[in-house]
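I have placed the structure first, in the form of structure tokens, so that the comments after it can refer back to it.
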Amino acid sequence: MAANDLCTLGDVKAWLGRSDTNSDAVLASLITRTSRQILSYLRRPTVLPHTLNEIRDGTGGTSLVLREWPVLSVTSLVVCGRAVPPMLSFATAGFTSEPWNGVPPGRAQMLALGGYVFEQDLQNVSIAYRAGYQISAEAQAVANGAVTVIAPYGNWACDGGVTYANGSPLVQVSGAPAVGQYQLTPDAPGSYSFNAGDNGQTVLVTYGYVPADLADATIELVAERFKYAQRIGETSHSLGGNETVAFDNARLTPLVTRLLAPYRHVLPI
């Protein structure tokens, strides 16, 4: 599975009702290409957690809408070469970001200032932040040396780290983990392996995921494109002269368009 694939090969094969491996290479390639096309349509580089350094023009106001969303955290803000601190309380000066409620699709979020302004100039505002779909600090109890995440809004896609309940980090390893370490269980996305000495421990798991709406849209398009190879260019097909089947050859079907619409960036005017 490529880094920005929006669904898995198993998802598509289940949808098509296939258990053989004859078309796995074709389907895997279709998944990657279709995922890229969807991300392009959404005007997003990725939907997984990633770090950005956004350069903006100062407006002279006290708020800006960040381009990427959902925003997970804002690391730093520099205006005209001067660092603006985070706002620690409503009584202090600094920046604060509008929180995300954690439920997809989310919406564009605002960065606001207290006691400062985004001084009017060109390319004088630098904002470092993280954005993407992420479950943060999901509490899990280690049992039999393993944990499987809940993934309530879509399939696990990437690891964001594991800590104990007190915040102490565990170290990811590729081999058998010792106490205080964990391994991503091979061929089981969303499953983590631990040392038996950590059984009974509560761990907090952070991970990125692909929203189920986007995965469903990708599965539909991949399956449709796969079937299209059997009827390239056809808009209808007659069955013995008694019945005609019509095909919708639109690249994005109405259902897929509805699934994608809430996740699409609206370009600023």
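No lab work stands behind these numbers, since they all come straight from the coordinates. From a predicted model like this one, the values you see are computed outputs, not experimental measurements. Glycine also receives a Cβ, built like all others from the backbone with ideal geometry; neighbour counts cover every protein chain displayed.
If neighbour count is taken as other Cβ atoms inside 10 Å, put 20, 11 in order from fewest to most.
20, 11
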(request) Taking the Cβ of each residue in 8, 75 as the centre, tally the other Cβ atoms inside 10 Å and list the residues starting with the fewest. (result) 75, 8
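How long is the gain from residue 112 to residue 19 if the chain were fully straight, where each residue apart is worth 0.36 nm and the alpha carbon distance is subtracted?
Values: separation 93, 0.36 × 93 = 33.48 nm, distance 5.23 nm.
The residue 112-residue 19 span can extend by a further 28.3 nm.
Give me the number: length gained by fully extending residue 121 to residue 191, i.e. 0.36 nm times residue separation minus the C-alpha to C-alpha distance, one decimal in nm.
Details: separation 70, 0.36 × 70 = 25.20 nm, distance 4.86 nm.
Between residue 121 and residue 191, full extension yields 20.3 nm more.
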(request) Determine ³J(HN,Hα), in whole Hz, for all residues of region 6-17 in sequence, where each value follows from phi through the Karplus function 6.51 cos²θ - 1.76 cosθ + 1.60 and θ = phi - 60°; x replaces Gly and Pro. (result) 9, 8, 9, 4, x, 4, 5, 5, 5, 5, 7, x
(request) Read phi for every residue in region 73-83 and hand back ³J(HN,Hα) as whole Hz from Karplus 6.51 cos²θ - 1.76 cosθ + 1.60, θ = phi - 60°, with x for Gly and Pro. (result) 6, 10, 8, 7, 9, 10, 10, 6, x, 10, 6
(request) Set Lys and Arg Cβ to +1 and Asp and Glu Cβ to -1, take the dipole of the chain about its Cα centre, and tell me which of 32, 155, 140 lies farthest positive. (result) 32
(request) Name the long-range amide H neighbours of residue 138: under 5 Å, sequence gap of 5 or more, or other chain; modelled H, no Pro or chain starts. (result) 205, 206
(message) Between residue 92 and residue 54, what is the label-point separation in nm under the 7 Å Cα-to-beta-carbon projection?
(response) 2.3
(request) Apply the Karplus parameterisation 6.51 cos²θ - 1.76 cosθ + 1.60, with θ equal to phi minus 60°, to every residue of region 150-164 and state each ³J(HN,Hα) to the nearest whole Hz, in sequence, with x for glycine and proline. (result) 7, 6, x, 10, x, 5, 3, 10, 7, 7, x, x, 9, 10, 6
(request) Please state the charge dipole magnitude for the chain, taken about the Cα centre, from unit charges on C-beta atoms (+1 on K and R, -1 on D and E), reported in debye and rounded to the nearest 20. (result) 400
(message) What's the ranking of 145-152, 171-178 by average number of surrounding C-beta atoms within 10 Å, highest first?
(response) 145-152, 171-178
(request) List every residue whose amide H lies under 5 Å from the amide H of residue 210, counting only residues 5 or more places away in sequence or on a different chain, with H placed 1.01 Å from N in the peptide plane. (result) 155, 157
(request) Just need the relative contact order of the chain here, percent rounded to a whole number, with Cα pairs under 8 Å and 6+ apart. (result) 21
(request) Kindly put 87, 110 in sequence by how many other C-beta atoms sit within 10 Å of each C-beta, fewest to most. (result) 110, 87
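Assuming R0 = 25 Å, what is the FRET efficiency of residue 163 and residue 212, from their Cβ-Cβ distance, to the nearest 0.05? Could you put the intermediate results ahead of the total?
Working: r = 27 Å, r/R0 = 1.06.
The formula returns an efficiency of 0.40 here.
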(request) May I ask for the angle, rounded to the nearest 10°, between helix 212-228 and the longest principal axis of the chain, with both axes built from Cα atoms and the value confined to 0 to 90°? (result) 30
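If you take every DSSP beta bridge whose two residues both sit in region 134-209, what share of them, in percent to the nearest 5, is antiparallel?
Working: 20 of 22 bridges.
DSSP beta bridges in region 134-209 are roughly 90 percent antiparallel.
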(request) Report the one residue of 51, 105, 87 whose Cα lies farthest in the direction of the positive end of the charge dipole of region 36-134 (charges on C-beta: Lys and Arg +1, Asp and Glu -1; origin at the Cα centre). (result) 105
